[in-house]
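The values are calculated or read from the model by the stated rules, or taken from the named source; none is laboratory data. No experiment lies behind these values; they were computed from the predicted model shown. Don't worry about glycine lacking a Cβ; one is built from the backbone with ideal geometry, like all the others, and counts go over all protein chains shown.
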Amino acid sequence: MDFSDLIQPGLTRVDNYIVEEDHTAKHVGSGSSRVLATPWMILFMERTCHRCLAERLPAGYSSVGIAVDIRHLAPARVGSTVEVRGEVLHMDGLKVLFSVEVRQGEKVIGSGKHERFIIDEERFLKKIAETG
């Protein structure tokens, strides 16, 4: 199936997330500080990009993350709000490349690229079941 009429470069989604205690480096064990952990920042980026595609894909289709190339540039404290922006840069068949950026106010705290692959959910789950 061709999705290029539904998903084109420039397609953008912006989501806001509040940094909670569970999102901290101290809580996940990736550091000792009560600031946004890199794994959570990446999850926020992936979630925003997933939602961007989910809004456009027909029923029965979804997407899975297949690559991240991210830089965590500055901390975000507990209680703060971070804004995550994902923008489609390129589509190659079923692969969708996003530019991602996380801001806290005017400050960029994370940026990079994220790639997702569009899947037929039924076929994907069947394949997983077969490989056990």
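Go through S62, S111, S80, S99 for me and flag whichever is of a type in the set (S, T, N, Q), at pLDDT 95 or above and under 20 Å from D5 (Cβ atoms).
Unique residue meeting the criteria: S62.
Would you point out which residue out of L73, L11, L53 is touching a residue at least 60 places away in the same chain (Cβ under 8 Å) and either surrounded by fewer than 15 Cβ atoms within 10 Å (Cβ to Cβ) or in contact with a helix residue (DSSP H, G or I) (Cβ under 9 Å, 6 or more places away or on another chain) (or both)?
Numbers: L73 fails: touching a residue at least 60 places away in the same chain (Cβ under 8 Å); L53 fails: either surrounded by fewer than 15 Cβ atoms within 10 Å (Cβ to Cβ) or in contact with a helix residue (DSSP H, G or I) (Cβ under 9 Å, 6 or more places away or on another chain) (or both).
Among L73, L11, L53, only L11 is touching a residue at least 60 places away in the same chain (Cβ under 8 Å) and either surrounded by fewer than 15 Cβ atoms within 10 Å (Cβ to Cβ) or in contact with a helix residue (DSSP H, G or I) (Cβ under 9 Å, 6 or more places away or on another chain) (or both).
What's the number of the condition P39 fails, among (1) within 16 Å of V102 (Cα to Cα); (2) surrounded by 13 or more Cβ atoms within 10 Å (Cβ to Cβ); (3) touching a residue at least 40 places away in the same chain (Cβ under 8 Å); (4) within 15 Å of the chain's Cα centre (by Cα)?
Among (1) within 16 Å of V102 (Cα to Cα); (2) surrounded by 13 or more Cβ atoms within 10 Å (Cβ to Cβ); (3) touching a residue at least 40 places away in the same chain (Cβ under 8 Å); (4) within 15 Å of the chain's Cα centre (by Cα), P39 violates only (3).
Okay, residues lined up against (1) closer than 29 Å to I128 by Cα; (2) of a type outside the set (A, V, I, L, M, F, W, C):
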{"residue": "F3", "(1), (2)": "yes, no"}
{"residue": "E21", "(1), (2)": "no, yes"}
{"residue": "T24", "(1), (2)": "no, yes"}
{"residue": "I42", "(1), (2)": "yes, no"}
{"residue": "A54", "(1), (2)": "yes, no"}
{"residue": "A59", "(1), (2)": "yes, no"}
{"residue": "G86", "(1), (2)": "yes, yes"}
{"residue": "K95", "(1), (2)": "yes, yes"}
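Any residue at all in region 89-96 that is out of contact with any Leu (no Cβ under 7 Å at 6 or more places or on another chain), among the β-branched types (V, I, T), surrounded by 14 or more Cβ atoms within 10 Å (Cβ to Cβ) and at negative phi?
No, region 89-96 has no match at all.
Within region 14-36, restricting attention to residues that are assigned to a helix (DSSP H, G or I) and surrounded by fewer than 14 Cβ atoms within 10 Å (Cβ to Cβ), which residue is farthest from the chain's Cα centre (by Cα)?
For region 14-36, the residue satisfying everything is E21.
Which residue is farthest from D22 (Cα to Cα), if the candidates are limited to region 42-70 and must be of a type in the set (D, E) and more than 10 Å from the chain's Cα centre (by Cα)? So that I can check it myself, show each step before the final result.
Filtering region 42-70 down to residues of a type in the set (D, E) leaves 46, 55, 69.
If we keep only those that are more than 10 Å from the chain's Cα centre (by Cα) too, we end up with 55, 69.
Numbers: E55: 28, D69: 23 Å.
Step by step, filter region 42-70, then rank; the result is E55.
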